[in-house]
Amino acid sequence: MIKRQINPEVENALRNNIPVVALESTIITHGMPYPENLNMVNDVEKIIRANNAVPATIAILNGVIKIGLTKNEVKSLSETKDVLKISRSDLAAALTCGKTGATTVSATMILAANANLKVFATGGVGGVHLDAEKTFDISADLQELAQTPVTVISAGPKAILDLSKTLEVLETLGVPVITYDQDELPAFWSRSSGLKSPIRMNSAQEIARSHLIREALEIPGGQLVANPIPRNAEISFQEILPIIKKANLEAKKEMVSDKNLTPFLLDKIYNLTKGESLKANIELVKNNADLACKIASCLIEEAKKI
Ligand code: PSU
Ligand code: MN
């Protein structure tokens, strides 16, 4: 009943213990404009291959789960407007109705775990939105991290969110938030957030080990890695904060909510920073892909020791 195609390159990698890194598709269709979105995926896939790993970009095409889009599929998805944004709640319906759609962090985690992929690189995960106490807008990504055993490499929760509430919810849900190589939680476009990270690790090996320990203890769920954006690509927290405030005010004025809020805010911030936010976004995704390859490779090595 479920139609799923695993790219032969991904299948071969899984069979031969070659590291595979899953990638989401909402970042392509809802996170960045064309053609930057297409160039971003191509660059990210190149980085993954340069690390002797295999990329697996995940999406739903005409009701078929795709684990590892081909170059042509990536191109056509990146050009398509008004693609569905599929998260956990939409997944089965999209498959039932033969839809085409991009998968968010939550849906990508589910499909990755189903295909036995353990490492997934993205830009930023969703979280608790500002004013969530009134709107109840909390991303399904957080629940997913609590349930699905995938290590997700992000540049920290997007700074458009309420970062301290996001950390609180992750703690409640039992999700380890591991910042790579610094004490402070990074905030997507910025290396700093003003918040201390719950956990710090300084190597891919430690992150891989802790993934395996959770597995051995049968603790459900995954890990969220917060990998600070490279210094030369960051927009400082002080600089981005007023811009985020403005974007949030506009969203309120235009009464944008639910699934549309994150794409709306990203687009507003893009305009307000004259494209600088996009440049930073692309660089941080590349940086995350690089760390993800190292974690995926360590997972294979460490698993042999158990
Ligand atoms: N990271 C980015 N850009 C994005 C997203 C993440 O750099 O567009 C997407 C992811 O797919 C994430 C989603 O799962 O935004 C969160 O949306 P929401 O806040 O509606 O749950
Ligand atoms: Mn939401």
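What follows draws every value from the coordinates through simple rules; no lab data is involved. Just so it is clear, the model here is predicted, and its values are computed rather than measured. A quick note on method: Cβ atoms are made from the backbone with ideal geometry, for glycine too, and the neighbour counts reach across all protein chains shown.
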With springs connecting C-alpha atoms under 10 Å apart, model the chain as a Gaussian network and identify which of Arg214, Arg231, Arg191 has the largest mean-square fluctuation.
Arg231
Please say if the chain is rounded, prolate or oblate, where rounded means a/c under 1.5 for a ≥ b ≥ c the square roots of the C-alpha gyration tensor eigenvalues, and otherwise the choice is prolate for a/b larger than b/c and oblate otherwise?
rounded
Anyone know which of Ile178, Ile199, Ile58 comes out most mobile in the 10 Å Cα GNM of the chain?
Ile199
With the crude spin-label approximation of a point 7 Å out along Cα→Cβ, what separation in nm comes out for Leu212 versus Lys81?
5.0 nm
Karplus (6.51, -1.76, 1.60) ³J(HN,Hα), θ = phi - 60°, over region 71-86, in Hz, Gly and Pro reported as x
4, 5, 5, 4, 4, 5, 5, 5, 8, 6, 9, 6, 6, 5, 9, 9
Taking the beta-carbon count within 10 Å as an exposure proxy, list Arg88, Arg200 from fewest neighbours to most.
Arg200, Arg88
Links exceeding 22 Å between C-alpha atoms in this model, out of Lys66/Lys165; Lys134/Lys253; Lys81/Lys294; Lys85/Lys294; Lys46/Lys75; Lys75/Lys279, come to Lys66/Lys165; Lys81/Lys294; Lys85/Lys294
How much length is gained if the chain between Asn42 and Lys304 is pulled fully straight, taking 0.36 nm per residue apart and subtracting their Cα-Cα distance, in nm to one decimal?
91.2 nm
Report, in whole Å, the centroid distance computed from the Cα atoms of region 1-56 and region 159-235.
22 Å
Straight-line reach only, C-alpha to C-alpha below 13 angstrom: list the aspartates and glutamates that Lys268 could link to, leaving out same-chain residues fewer than 8 apart.
Glu250, Glu254, Glu276
So what is the relative contact order for the chain, in percent, with contacts set as C-alpha pairs under 8 Å and at least six apart?
19 percent
Where does the chain land at 222 nm, in deg cm²/dmol rounded to the nearest 500, when only DSSP H runs of n ≥ 4 count, each adding -39500 (n - 2.57), divided by all residues?
-14500 deg cm²/dmol
Answer rounded, prolate or oblate for region 5-96, using the Cα gyration tensor with square roots of eigenvalues a ≥ b ≥ c: rounded when a/c is under 1.5, else prolate when a/b is larger than b/c, else oblate.
oblate
Compare Thr122, Thr108, Thr273 in a GNM of the chain, Cα atoms joined below 10 Å, and give the one with the largest fluctuation.
Thr273
State the extension gain, in nm to one decimal, for the chain segment bounded by Ile2 and Gln238, taking 0.36 nm per residue of separation less the distance between their alpha-carbons.
80.2 nm
Which of the peptides 3-12, 23-32 is most tightly packed, and how do the rest follow, judged by the mean count of other Cβ atoms within 10 Å per residue?
23-32, 3-12
